[in-house]
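Trainee: Take this structure first; my questions come after.
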Amino acid sequence: MITDQRITAGSGLPSPGQLLDKANHLVETIAVPSIVQLVLRLALAVPFWRSGILKWDGFLRLNDTALTLFSDEFMLHLPGGPYHFPAPTVMAFLSGCGEIMFPVLLVLGLGTRFAALGLLFMTVIVELTVPDGWPVHITWAAMALGIMAYGPGRVSLDHLIGRARSHTR
């Protein structure tokens, strides 16, 4: 530190250590944890929401395409398979519900860790259905695990509820 100060004072140029410190500070200023957590939640919610919204023809009414996909097109790639989905109508309904409910919960930051767990489980099923999609699926899994590990952040209903509960105790 003293050497860096003498060099800086003598030459007028910042030392490499000072430049690194300034660069780290800039990165920390941009990547505020609560904003990162919000962006992770939004980034994970979007692809599932977009897929889920395409499965419905109205309130709790699946469209024919969703039913056809689960009954005829989608297959589980398990050892000895691929296999058709069991109870395809039920699976389509559960998938459609999860792809709508979990993203909404993520965006709101409500029950966030459980919503991320639900989407992690769905990601595993999607991977078993479309194994060639693993580069995207591993990204979804990483986001879900990050949300599960670090929580929703301050920009969430979970955080507000937690603060309200701590004030009433």
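Trainee: 5 Å is the cut-off here: which amide hydrogens, built 1.01 Å from N in the peptide plane, fall below it relative to GLY111, excluding neighbours closer than 5 in sequence?
Mentor: Correct list: ASP158.
Trainee: Run a plain Debye calculation on the chain (Cα atoms as equal point scatterers, no solvent) and give log10 I(q)/I(0) at q = 0.11, 0.13, 0.18, 0.20 Å⁻¹, rounded to two decimals, same order as the q list.
Mentor: Log-scaled intensity ratios, in q order: -0.61, -0.74, -1.09, -1.23.
Trainee: Simple spin-label model, 7 Å along Cα-to-Cβ: TYR83 to ASP132 in nm?
Mentor: Each label point lies 7 Å from its Cα, and together they span 2.4 nm.
Trainee: Another question about this same structure. According to a simple spin-label model (label point 7 Å from Cα along Cα-to-Cβ), what is the distance in nm between ARG165 and LEU42?
Mentor: 2.7
Trainee: How do ASP64, ASP57 stack up against each other in accessible area, from largest to smallest, with a 1.4 angstrom probe? Mind showing how you got there, number by number?
Mentor: On the way: ASP64 115, ASP57 95 Å².
Ranked from most to least accessible, the order is ASP64, ASP57.
Trainee: Okay, next question. I'd like the orientation of helix 112-129 relative to the chain: the angle between its Cα long axis and the longest Cα principal axis, in ° from 0 to 90, rounded to 10.
Mentor: 60
Trainee: Still on this structure, I have one more. Which angle from 0 to 90°, rounded to the nearest 10, does the C-alpha axis of helix 2-11 make with the longest principal axis of the chain?
Mentor: 70
Trainee: Given the whole protein assembly as supplied and a 1.4 Å probe, what does the accessible area of LYS55 come to in Å², nearest 10?
Mentor: Accessible surface of LYS55 is approximately 20 Å².
Trainee: For the range 43-50, in order, what is each residue's ³J(HN,Hα) by Karplus, 6.51 cos²θ - 1.76 cosθ + 1.60 with θ = phi - 60°, in whole Hz (x at glycine and Pro)?
Mentor: Those phi angles translate into 5, 6, 5, 4, x, 6, 4, 4 Hz.
Trainee: If r is the Cβ-Cβ distance from ASP72 to ALA31 and R0 is 45 Å, what FRET efficiency results, to the nearest 0.05? Please report the intermediate quantities before stating the final value.
Mentor: Numbers: r = 45 Å, r/R0 = 1.00.
Efficiency for this residue pair is about 0.50.
Trainee: At 1.4 Å probe size, with every protein chain present, just tell me what the per residue accessible area of the chain comes to in Å².
Mentor: Numbers: 11040 Å² over 169 residues.
On a per-residue basis, 65 Å².
Trainee: While we're here: Between TRP56 and residues 5 or more places away or on another chain, which pairs have amide H atoms under 5 Å apart, with H built 1.01 Å from N, and which residues are they?
Mentor: Hits under the 5 Å cutoff: ASN63.
Trainee: Given R₀ = 45 Å, what would the calculated FRET efficiency be for ASP57 paired with LEU20, taking r from the Cβ atoms and rounding to 0.05?
Mentor: Numbers: r = 57 Å, r/R0 = 1.26.
The computed FRET efficiency comes out at 0.20.
Trainee: Using a 1.4 Å probe over the heavy atoms of the protein chains, calculate the carbon and sulfur portion of the accessible area of the chain as a whole percent.
Mentor: Working: 7800 of 11040 Å².
Carbon and sulfur atoms account for 71 percent of the accessible area of the chain.
Trainee: Per residue of the range 66-73, in order, report the coupling 6.51 cos²θ - 1.76 cosθ + 1.60 (Karplus, θ = phi - 60°) as ³J(HN,Hα) in whole Hz, putting x for Gly and Pro.
Mentor: With coefficients 6.51, -1.76 and 1.60, one gets 4, 5, 5, 4, 6, 8, 10, 8 Hz.
The values are calculated or read from the model by the stated rules, or taken from the named source; none is laboratory data. Just so we're clear, the structure is a prediction, and the values are computed from it rather than from any experiment. Positions of Cβ are backbone-derived with ideal geometry, glycine not excepted, and every protein chain shown enters the neighbour counts. The area values use the complete protein model at the heavy-atom level, side chains included, leaving out ligands, DNA and RNA. Shrake-Rupley method; radii C 1.70, N 1.55, O 1.52, S 1.80 Å.
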